[in-house]
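Here's the structure, in structure tokens; my notes come after.
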Amino acid sequence: MSSQCRGCHRNFLGSNLLRHLRNTRYTPCLDYLDSLLQRSFETPLLQEEDGEVADIDTSDDEDLDTGSNDEDDEDVDMDQHFENPADTIGIDFDSDSQHFENPADTIGIDFDSDSYDEGQVHFEDEEDSWEPPCPFEDLAHSPSPRSPSPQLIFPEGFFDEPLQLPTSRIPSISQSSPLRQPYIQQYPDPRAGAPIERQGTIVSENSRYFQDLKAGANPWAPFHSQTEWEIARWAKLRGPSSTALTELLSIAGVCKNLNLSYRNADQLNAIIDEQLPSICPKFERQEVVVQGQAYEMYFRDILECLKSLYGDAEFIEYLKFAPERHYENVRCEVQLFHDMYTGGWWWSTQARLDKHAGPGRTIIPILLSSDKTQVTLFRNKTVYPVYMTIGNIPKELRRKPSRRAYILVGYLPTTSLEHIKSPSSRRRSLANLFHACMRTIVRPLEAVGVTGLVMASGDGVKRHCHPIFAAYISDYPEQVVVTCCVSGNCPRCMIPRQSVGENTDPYPSRQLRLILKTLQMADDSASAFIKACRDARIKPVFNPFWAQLPYSNVYMSITPDILHQLYQGVFKHMKSWVIDAYGAHEIDARCRRLPPNHNVRIFTKGVSTLQRVSGVEHAQMSSFILGLIADTPLPGGMSSIRLVRCLRGLVDFLYLSQYPVHSTHSLNLLSNALCRFHANKAIFIDLGIRSDFRIPKIHFMNHYVDDIQSMGTLDNFNTEYTERLHIDLAKQAYRASNKKDELSQMALWLERKEKVMKHAAHLEWVKAGKHPPLRSHWVPPGMNPIRTLKMAKHPSVNRVKVTDVIQHYGATFFKAALARFVVQLKQPNLAGTRLDDAVSGLFLGVSHVSAYHRIKYLYQDTFTGISSTADSIHAQPARKDKHSHNLPGRFDTVLVHISNSESAGPLDINQDTRVGQVRIVFALNDKASEHLFEGVPTQDRPHVLAYIEWFTPFTTQDPNHGLYKVSRSTVEGGRLASIIDIQRILRSVHLLPRFGRIANREWTSSSVLEDCTSFLVNSDSDRDTYQFFASKP
């Protein structure tokens, strides 16, 4: 039977009319196809018994001319070829059998092979929770419509590839990249850090503990059974108060049924006190008298604490005993800095020690930290702990409280000396009280720092060790007390007070010898002593605790403090200045309208009204504050370029200073960032926000580069780690006391806890087979920050119909993109018309997919093997929560590796990557995968795919704020999209809306990615992303 196309008036036999309508791009033919399809939805298409699609009967069409019109055929331009024009309404043509596949997907008809009842058409009601929110009352205002015209399958240009898109095959860069290994220059004298020659009998720390325990045949000794031990550990580490434990054990039958040898908390404490070996020394009590008032302090023998840390078997695998110099490669042009042993201080101190004490010595760098902390919510009760660690332990272990690399060496008095009426006298007395107590703690280091002492590490090997005071970790008020300087001045250098914070000009360091000579005048008249101290710009303190410590300089030991100096100091000021410049209402409005991201916190109430903001919250604000004002002019018409440059310099300084591994190149970048900050900060004076910048924390940024070169990267000394110790060693200890004479109870509670934790570690060693500890070579984890892609074992939704993929997930061209992906995977060399023809002739046969709503990237700790979530990507449609409240959909933006480059070096941001928005992450079932990927080797077949809507390629960074600008990649009729293997996704990427002069109040956090037309790529969303963008070639 012959049928005629009403568009071009050509005659076709059998199903050739369908083939013609499928391939044509001639507009009258497309209009005719649309009219036929509209009729097919009203009257289901007829099928022959053999499954072939029946010839279309056009006799009912009163306008149809069934005659031949060959003359008109010659006038019709049929050179243009249109690919699958009916896919947007759900028709899928099989080139072999010419039958329709799910012809009514997009209007709610479900032809799922499992649920479709032949002869019936099922219309499914959509749930309200699945309806995407409409951000505009008039859709004409939408800059980029979600769905194109129903007459289109592909938008114009879909196959033209005006921009580079990724291929279907995955480059093997992640598998081929070698691990970075530094070139190591050893200390010239190999005897430095070497064991002593006469070792005698070597007994490891674990073996010595086992001997002291006298366990015999009972592996759980001194407890009778595993149950008894587990209850004891729970009671001391996780359990309730002693009273609650006693009440629990007094319940009839509990002790008998569990076969416990202790009946109450006192008996359990007796077992711990008398039968578990002591690893750390006990606390001692001492009174300090100040003008007739006695104050108590608790402290430990610092040498015994040192032996406990140095001899812990858990650290022996990673301990460092000698200084090293690390370089990027064998040419030794670029030096690297990370742990303390790579800094210049250890190298130079080792040389001085070898000169004065002889070769073969091992330096034990002593790191001290103190900080008064509040332990109650009310009554203002405080404690003053002092912590100690050693620089031989890697910084990655020292910053983990669970590894117990810090030890509490004392509790100082917290008095304010209210009985002293004179404010100046009170201040001097407080300083002298602090130094008197600290001198009591560190006095044993004075002699052994010179002569040394033999100590055994965890493997039992003995070395001639010299404990040397190296660093004091504290915030600025504590630094002022430690160095005896006057508040407002720099504790490191002699910069005049009126020049503090003004520029980066270098000033001479404080002269330790001159200051010690001045302090020795304390025996002279009081007035002469005070005048000499004033001239030296220090406080009159009698015998500071560091005066007799050998090979140390307290002024060089004061280290940078990222938490208090940068986040709670400089950035806190900058945030308030920016708010003053642009107005609190506008800044808050912009904070509420940022799109969600795993690494970015959305402050839904703004930032201007927050009280008692923590350092963590300031760090979260720093990840987006630049993007809030990057393209916004200042009120009043003043140019914002200097303000943006100043903020850019500070943000760069924040992130660069936190690099886990620094090089001479990155230190140059750090200095440059500080110069940019100082060069442009005068804008705040011009705006009337500041009159000067005499802030010591701003000035101390000048010393960061020197400190990194001397002591290693700043994560060696961040007070954030010691602040975390307050929870375990101060606050919990106080809560365990009866709040009366609390220091003695806190000390006893801590001793018992340390014993239980040590015994737990010992039992793990026994369980592992009593293997001796071994030394290992390790590479700094910061050199190879490896992230692992992690997908859920099961999909979030097992069966999502293709119609729902298009409607609810917003994957408008899902079928077309999937067909293209499959063809390119099987035939990667096809292009142009041949590619179009292959895609057109592909039968998908896919009615549903399995959807994943989350992609995770894990970071595995090198030392502990514990994994944590480094990044997360969401692709989830709108839904209802358990309270039936509507939750908006979330479709995150990601950075995709679009090139096939397999270079081991860093990716080129402009050439190798591109931003896209994930609409759905999905997997095909086995049957569909076997059909579509037939002929593709198993190892090359994708497992999980993602539908991506693309943004424009990267061009150049803005010279002022340093961010890339992107916008939606659109073609005629819709957004440019494709399907990729999720292994091409590098990370999530946060996009900052370009707000303009005033933020659009109709935008919301959940809709701004759809409403806004232009964005800035947030390279500051987290430290890893910053380093990724900063490392571009």
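The values are calculated or read from the model by the stated rules, or taken from the named source; none is laboratory data. All figures in this text were calculated on a predicted structure; none of them were measured in a lab. Here the Cβ is made from the backbone with ideal geometry for all residues, glycine too, and neighbour counts use every protein chain on show. Heads up: the accessible areas ignore ligands, DNA and RNA and are worked out on the full protein's heavy atoms, side chains in. Shrake-Rupley method; radii C 1.70, N 1.55, O 1.52, S 1.80 Å.
Within the range 361-381, the set of residues being over 16 Å from P477 (Cα atoms), modelled with pLDDT of 95 or more and either open to solvent by less than 20 Å² (accessible area, probe 1.4 Å) or assigned to a strand (DSSP E or B) (or both) comprises T362, I363, I364, P365, I366, L367. Looking at (1) open to solvent by 10 Å² or more (accessible area, probe 1.4 Å); (2) touching a helix residue (DSSP H, G or I) at 6+ places or on another chain (Cβ under 6 Å); (3) closer than 19 Å to F813 by Cα, which is the only condition K880 fails? Against the list (1) open to solvent by 10 Å² or more (accessible area, probe 1.4 Å); (2) touching a helix residue (DSSP H, G or I) at 6+ places or on another chain (Cβ under 6 Å); (3) closer than 19 Å to F813 by Cα, K880 comes up short only on (3).
In the set R300, R285, only one residue is surrounded by 17 or more Cβ atoms within 10 Å (Cβ to Cβ), within 30 Å of R428 (Cα to Cα) and basic (K, R); that residue is R300. S487 passes every criterion in (1) assigned to a loop (DSSP other than H, G, I, E, B); (2) within 22 Å of L430 (Cα to Cα); (3) open to solvent by less than 60 Å² (accessible area, probe 1.4 Å) apart from (3).
Close Cβ contacts (under 9 Å, 6 or more residues apart or on different chains) running from residues in the range 824-839 that are touching a residue at least 24 places away in the same chain (Cβ under 8 Å) to residues that are open to solvent by 80 Å² or more (accessible area, probe 1.4 Å) comprise Q824/R169; L825/R169; K826/E934; P828/R169; L835/Q827. Flag: I538 matches the condition of being aliphatic (A, V, I, L, M) and modelled with pLDDT under 95. Among the conditions (1) open to solvent by 10 Å² or more (accessible area, probe 1.4 Å); (2) over 29 Å from P240 (Cα atoms), E274 misses just one, which is (2). Do we have any residue at all in the range 825-848 that's at pLDDT below 90, under 30 Å from R399 (Cβ atoms) and not charged (D, E, K, R)? Taking every residue of the range 825-848 in turn, none turns out to be at pLDDT below 90, under 30 Å from R399 (Cβ atoms) and not charged (D, E, K, R). Looking across the range 323-340, just one residue is assigned to a loop (DSSP other than H, G, I, E, B), open to solvent by 10 Å² or more (accessible area, probe 1.4 Å) and touching a helix residue (DSSP H, G or I) at 6+ places or on another chain (Cβ under 7 Å), and that is V334. A residue that is within 30 Å of V454 (Cα to Cα) and either at pLDDT below 80 or outside any loop (DSSP other than H, G, I, E, B) (or both) occurs nowhere in the range 230-237. The number of residues in the range 773-787 being over 24 Å from the mean Cα position of the chain (by Cα) and open to solvent by 90 Å² or more (accessible area, probe 1.4 Å) comes to 3. Checking each residue in the range 683-727 for being touching a Ser or Thr at 6+ places or on another chain (Cβ under 7 Å) and of a type in the set (D, E, K, R) picks out only D707. So in the range 201-220, with the set limited to residues that are in contact (Cβ under 8 Å) with a residue 40 or more places away in the chain and part of a loop (DSSP other than H, G, I, E, B), which one is most open to solvent (accessible area, probe 1.4 Å)? The extreme case among them is I202.
Can you name the residue in the range 492-523 that is among the charged types (D, E, K, R) and assigned to a helix (DSSP H, G or I) and is also least open to solvent (accessible area, probe 1.4 Å) among such residues? That would be R497.
For the range 382-412, give me each residue that is within 21 Å of M746 (Cα to Cα) and open to solvent by 20 Å² or more (accessible area, probe 1.4 Å). The answer is T382, Y384, P401, S402, R403, R404, Y406. Taking each residue of the range 274-293 that is over 30 Å from R208 (Cα atoms) and looking for partners that are part of a strand (DSSP E or B) and aromatic (F, W, Y) with beta-carbon atoms closer than 9 Å, six or more apart or interchain, yields Q286/Y298; Q286/F299; E287/Y295; V288/Y295; V289/Y295. More than 25 Å from the chain's Cα centre (by Cα), surrounded by fewer than 19 Cβ atoms within 10 Å (Cβ to Cβ), within 19 Å of I495 (Cβ to Cβ) and of a type in the set (K, R) - does that describe any residue in the range 696-708? No, that holds for no residue.
Let's see how each residue does on (1) farther than 17 Å from K307 by Cα; (2) polar (S, T, N, Q); (3) open to solvent by 20 Å² or more (accessible area, probe 1.4 Å):
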position	(1), (2), (3)
C437	yes, no, no
I441	no, no, no
P444	no, no, yes
A447	no, no, yes
A456	no, no, yes
K462	no, no, yes
P467	no, no, no
A471	yes, no, no
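How many residues does the range 863-893 contain that are aromatic (F, W, Y) and either under 16 Å from the mean Cα position of the chain (by Cα) or part of a loop (DSSP other than H, G, I, E, B) (or both)? Qualifying residue count for the region: 1. Looking only at residues in the range 959-986 that are closer than 21 Å to I625 by Cα and in a strand (DSSP E or B), the one that is farthest from the chain's Cα centre (by Cα) is S967. For the range 184-200, name all the residues that are touching an Asp or Glu at 6+ places or on another chain (Cβ under 9 Å), open to solvent by less than 70 Å² (accessible area, probe 1.4 Å) and of a type in the set (S, T, N, Q). Result: Q185, single match. For the range 973-1006, filtered to residues that are in contact with a Cys (Cβ under 9 Å, 6 or more places away or on another chain) and more than 18 Å from I909 (Cα to Cα), the residue that is most open to solvent (accessible area, probe 1.4 Å) is R994.
Among the conditions (1) in contact (Cβ under 8 Å) with a residue 40 or more places away in the chain; (2) open to solvent by less than 50 Å² (accessible area, probe 1.4 Å); (3) in a helix (DSSP H, G or I), H931 misses just one, which is (2).
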